[in-house]
Amino acid sequence: MIIHIAGPSGSGKTTLGNKINKNNKCIIVDTDDIDDHNFNRLLKSNIEFRKSIMGTTNRKWSTILDNKNLEKLNKIIQTAKKQNKVLIITGISFAFSKADPSKIADKKYFIKIDNETLFRRVNLRMLDDIIKNKSKIKKLFKNEKTNMLNIITHKLSHQFNLRGPFIESYYMIVEDNNKKQKEYKQNNYKILTPEQIYKSVLKLISMV
């Protein structure tokens, strides 16, 4: 069985995954971990990927990353099957469509969270990440080569977890959260609180 737990950034997907991970009948994987690892590895070792992302119009790098994400996800799925364990994927999605968990999940959940709490969490986490990585971020902006300036945003995302603007507007948070809830509900996701998802997932795991 494959379970996908989605939710907006800051909704508590990772925290919920860690809580469920105490059960030895499941394997937990975070889409960001796979996507970040593959991006950073490709940037260092794949010349074609690096040349493409340095450009302004060639989007071949996204296809290369997408294929790597799908390859890794398929390996994790096979591992879960061999070990006869439930695979739980946390995260909105991978960067691009091929490895989208919504296409393969048997059970799908979307975390319900109020907009005020989400607004505070998103911006406070962003602030923490900026402070924690302040010296590395400053070095990146000062020393990045001219022909690689367009890659700074990608590095901020994949190396320092800075995936949005600081400060994210409250109204943008509300609009995005409401839009995602609607989209995921239409795609047969159950919109539940973290505690409700936790209880439901544990029940599913116990039945396997």
Q. Which residues, counting only those in the stretch 100-130, are of a type in the set (Lys, Arg) and touching a residue at least 12 places away in the same chain (Cβ under 8 Å)?
A. Lys107, Lys108, Lys112, Arg121, Arg125
Q. In the stretch 185-208, what count of residues is obtained for those that are of a type in the set (Val, Ile, Thr) and not in a helix (DSSP H, G or I)?
A. 3
Q.
Checking the condition over 30 Å from Leu118 (Cα atoms) and modelled with pLDDT under 95, which residue from Thr15, Thr31, Thr56 passes?
A. Thr56
Q.
Against the condition closer than 18 Å to Pro8 by Cβ and surrounded by fewer than 20 Cβ atoms within 10 Å (Cβ to Cβ), how does Thr117 come out, does it pass?
A. yes
(Q) I'd like the full set of residues that are of a type in the set (Gly, Ala, Ser) and either modelled with pLDDT of 95 or more or more than 18 Å from the chain's Cα centre (by Cα) (or both), limited to the stretch 153-208. (A) Ser169, Ser200, Ser206
**Q.** Cross-chain or 6+ apart pairs with Cβ under 7 Å, the stretch 167-184 first and part of a loop (DSSP other than H, G, I, E, B), then of a type outside the set (Lys, Arg)
**A.** Ile167/Asn123; Glu168/Val122; Glu168/Asn123
Q. Under the condition of being of a type outside the set (A, V, I, L, M), within 18 Å of Ile2 (Cα to Cα) and at pLDDT 95 or above, which residue from the stretch 91-114 is surrounded by the most Cβ atoms within 10 Å (Cβ to Cβ)?
A. Tyr109
Q. Looking at the stretch 31-47, which of its residues are closer than 30 Å to Ser206 by Cα and either surrounded by fewer than 17 Cβ atoms within 10 Å (Cβ to Cβ) or of a type in the set (Gly, Ala, Ser) (or both)?
A. Asp33
Q: State all residues of the stretch 135-163 that are surrounded by 11 or more Cβ atoms within 10 Å (Cβ to Cβ), of a type in the set (Lys, Arg) and not in a loop (DSSP other than H, G, I, E, B); if no residue qualifies, say none.
A: Lys136, Lys139, Lys155
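The values are calculated or read from the model by the stated rules, or taken from the named source; none is laboratory data. Small disclaimer: the values here were computed from a predicted structure and weren't measured. We place every Cβ from the backbone using ideal geometry, glycine too, and count neighbours over all the protein chains shown.
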